[in-house]
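So the structure is just underneath, and the comments pick up after that.
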Amino acid sequence: MKLWKTALLGAGAVALATGSAQAREIKVGFVATFSGGLANLGEQMRRGAELYHNLHKGDLKGDTIKVIFRDSKNPGGAVAKSVVQELITRDKVDIVTGLVFSPNAMSVAPLVTQAKVPVVIMNAGTSFITNMSPNLARVSFTMWQSGYIMGEHAAKNLNCKTAIAGFTNYPPGKDSANAFKNGFEKAGGKVVDLIPMGGPAKVPDFTPFFQRAKDKKPDCFYVFVPAGNHASAVVKAYGQLGMKAAGVKLIGPGDITQDTQLQGMGDAAVGLVTAHHYYADLNTPTNKAFVAAWKKAYGADTTPDFVGVGGYDGMAAIYHVIKSVKGKITAEKAMAALKGWTFESPRGKIMIDPATRDIVQNVYIMEVGMDGKRLVQNQKGVFNAVKDKCKELKIGRCGK
Amino acid sequence: MDAFVNALTTILVFGLAYAMLLFIISVGLSITMGLMGFVNLAHGSFAMVGGYVTVTTAGDWGVPFIPSLLIAFVVVGLLSVLFERLLYARLYKAPELDQVLMTIGLVFVSIAAVTFVWGADPLNIQIPDFLRGNVDLGFKLIPTYRAFMIVIGALIAILLFYGLERTRVGAQVRAAVDNRRMAESMGINTGRLFTLVFALGSGMAAIGGGLGIQILGGVKPTFAFEYLVVFLIVVAVGGLGNIRGTFFAALILGVLDFAGKYLLPEGGAFFIYAVTLIVLLWRPQGLFGKA
């Protein structure tokens, strides 16, 4: 374990510490899940960040970046907090980034407020996170962006009058289910049950929860689970319990049709409708070039997904900070540089909202279909420049 | 009324299927703890390896599903004999703490080993067509695979009851559980008996590991730890070394676990711990254990 971590750190440092040494050396602490069953998420994020770096390392004009990779292990928050503390006090990093899971981002917030270190969040999606510290900017997504829109879409376009929301019982899960409920009920639907489905650390047997949903016969079943292994288990349980035949439509945020997991889901995934900010199947020139570069770098059988794009765009944001801040990078200067920053991302045009330091982006509605033997996601709709609805409506901790 | 009957059958069918899985995996643990007083925390690792053997034979090599389970039974059974002779046998007379440390170490080794060979992501298999779809009970459809699990679990339970109550080896096992020294002085080779029972128990755990792939979201390296607590609870509630106890404990806990999650998703996962607490306060030796 130890050996492997050192090797990863070494490889990262070698890969990213290029260029001349005359100007600044910017230290970036990259905290993500690199071990255990959720390691694929950290790896996707690292690949995205590294891809941007390798394509743009000439842009820094003499400055160099040294990336220090640290493993946050699980979604619990405690490990993330202690490694970030080490990164700040011992390694003296200028910027912290990564952060796959919401509890990890939350546990880091007080630290970086005190230490005045800027953070670029590459994934963690619970809406109110950016309210927890003035030094956080997010390039990924918020649960409310996908959840609220999916709620509206389900009521208006999928003919769902009743719905049930099942969610993994931790902050982004509650957030997502709540966002869906708000959007769905505002558009005239009724959420008849909210089902918490265990914690994020391990994939539970979904049968009791799904069977409960099935027996209540809703038109739509909205499911949020963390990206990764949970998602395939969700689609499997949905298929096995015959919910499709019983007329219950499975919908959710794009976490449940994560591109890297999609091909393993089988026929049961066909017809699944999700809302999200990125899909590898997006039909735009920027995305096609991005997917091609990804496959060239990591192999033809790999695919980027929203976590990979989070890493890519996060690195773009960090590059922007390095290029626009003169001298030492402080949280204040970094946030000033990021507020209002726009970027032509593979997911479409993105911007950091100057008021909330949160991302403004397109949200797509996609439906899973078959192309020969391959599962593909076909675009059914798009909402442009979506802000975080939770902060707009000032719901709960989003209002503070 | 309809909704009530519907919920009740749902809970019974799914709960029983889960209960059978718990029984198949836990019974070996119960017998080894009862017979030798050996705390084998690595029992879940044998179930996990069984799952991986099933994935390899049924998934990669195209062996049909049921023969794959039998292969897992044999492979893991033989593997466990190797471990029993090389490692476990040295610690039979050691303090319990040593046994716990050694077997916990084995769990870590097994997790690292399967991650090295099969990777960290969960692996799944395609179940054969005859186990897909639903069985019509007249008033309700139940998934064929769950029905299949209930049948297999019942069959194994009957075989074990019969083997333990009606065969010579069974009588020897019962005698050794009751009073090992007396059994030895009557000429029973308890060492060899234990190796046999250990292999049988590990083999059954392997079948459980293979059967569970489909309903536990695939087989993964952390399986050995994630479900260890549940297996230990079943054994503790049922009473050490007692097949009947393990069976009823698995039934009670399996059905209650499903019922809890189905009826009260918010706190349902806590249900079986509450039941365990009550049972053990009332009967510290377990439902069928001897005081």
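The values are calculated or read from the model by the stated rules, or taken from the named source; none is laboratory data. Note that the coordinates shown come from a computational prediction; the quantities given were computed from them, not determined experimentally. Here the Cβ is made from the backbone with ideal geometry for all residues, glycine too, and neighbour counts use every protein chain on show.
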- Task: Quick one: which residue in A:LYS323, A:LYS328 is loosely packed, with under 15 Cβ neighbours inside 10 Å, in a helix (DSSP H, G or I) and assigned by TED's automatic domain parsing to the domain that holds A:VAL120?
- Result: A:LYS323
- Item | Sole exception among (1) touching a residue at least 60 places away in the same chain (Cβ under 8 Å); (2) within 23 Å of the chain's Cα centre (by Cα) for A:LYS249, by number | (2)
- Does region A:227-246 contain any residue that is closer than 21 Å to B:ALA259 by Cα, away from every other protein chain (no Cβ under 13 Å) and among the aromatic types (Phe, Trp, Tyr)? no
- Note on the structure: So the helices (runs of 4 or more DSSP H) completely within region B:184-291 holding 1 or more residues that are charged (D, E, K, R) are B:190-212, B:223-226, B:243-263
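Restricting to region A:132-168, name every residue that is of a type in the set (A, V, I, L, M, F, W, C), closer than 22 Å to A:ASP193 by Cβ and in a strand (DSSP E or B).
Going residue by residue through region A:132-168, those that are of a type in the set (A, V, I, L, M, F, W, C) are A:132, A:136-137, A:139, A:141, A:143-144, A:149-150, A:154-155, A:158, A:160, A:163-165, A:167.
When the remaining residues are screened for being closer than 22 Å to A:ASP193 by Cβ, the result is A:143-144, A:149-150, A:154-155, A:158, A:160, A:163-165, A:167.
Answer for region A:132-168, where residues must be of a type in the set (A, V, I, L, M, F, W, C), closer than 22 Å to A:ASP193 by Cβ and in a strand (DSSP E or B): A:ALA163, A:ILE164, A:ALA165, A:PHE167.
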- Pick from region A:190-203 the residues that are surrounded by 22 or more Cβ atoms within 10 Å (Cβ to Cβ) and not in a strand (DSSP E or B): which of them is nearest to the other protein chains (Cβ to nearest Cβ)? A:VAL203
- Residue by residue through region A:103-139, note down the ones that are of a type in the set (S, T, N, Q), closer than 24 Å to A:PRO346 by Cα and in contact with a Pro (Cβ under 8 Å, 6 or more places away or on another chain). A:THR126
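B:ILE243 - would you say it is more than 14 Å from chain A (Cβ to nearest Cβ), under 28 Å from A:VAL234 (Cβ atoms), out of contact with any strand residue (DSSP E or B) (no Cβ under 8 Å at 6 or more places or on another chain) and modelled with pLDDT under 95? Spell out how you get there, then give the answer.
Numbers: more than 14 Å from chain A (Cβ to nearest Cβ): yes; under 28 Å from A:VAL234 (Cβ atoms): no; out of contact with any strand residue (DSSP E or B) (no Cβ under 8 Å at 6 or more places or on another chain): yes; modelled with pLDDT under 95: yes.
No: the conditions fail for B:ILE243.
Matching residues to (1) surrounded by fewer than 18 Cβ atoms within 10 Å (Cβ to Cβ); (2) part of a loop (DSSP other than H, G, I, E, B); (3) in contact with a strand residue (DSSP E or B) (Cβ under 9 Å, 6 or more places away or on another chain); (4) within 14 Å of another protein chain (Cβ to nearest Cβ):
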residue	(1), (2), (3), (4)
B:LEU8	yes, no, no, yes
B:LEU12	yes, no, no, yes
B:LEU16	no, no, no, yes
B:GLY34	no, no, no, no
B:GLY62	yes, yes, no, no
B:VAL76	no, no, no, no
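Could you check how many residues of region B:92-115 are surrounded by 17 or more Cβ atoms within 10 Å (Cβ to Cβ) and closer than 11 Å to B:VAL39 by Cβ?
Initially, region B:92-115 is screened for residues surrounded by 17 or more Cβ atoms within 10 Å (Cβ to Cβ), giving B:99, B:102-103, B:106-107, B:110-111, B:114-115.
Of the ones still in play, those that are also closer than 11 Å to B:VAL39 by Cβ are B:99, B:102-103.
Residues meeting the conditions: 3.
Considering only residues of region B:130-144 that are part of a loop (DSSP other than H, G, I, E, B) and within 11 Å of chain A (Cβ to nearest Cβ), which is nearest to the chain's Cα centre (by Cα)? Outline the logic, then answer.
Going residue by residue through region B:130-144, those that are part of a loop (DSSP other than H, G, I, E, B) are B:132-133, B:137-140.
Add one more test, that the residue is within 11 Å of chain A (Cβ to nearest Cβ), and what stays is B:132-133, B:140.
On the way: B:ARG132: 24, B:GLY133: 26, B:LYS140: 29 Å.
This residue is B:ARG132.
Quick check on B:LEU69: is it within 26 Å of B:VAL237 (Cα to Cα) and either part of a helix (DSSP H, G or I) or among the aliphatic types (A, V, I, L, M) (or both)? Can you show your working first?
Numbers: within 26 Å of B:VAL237 (Cα to Cα): no; either part of a helix (DSSP H, G or I) or among the aliphatic types (A, V, I, L, M) (or both): yes.
Judged against the criteria, B:LEU69 is not a match.
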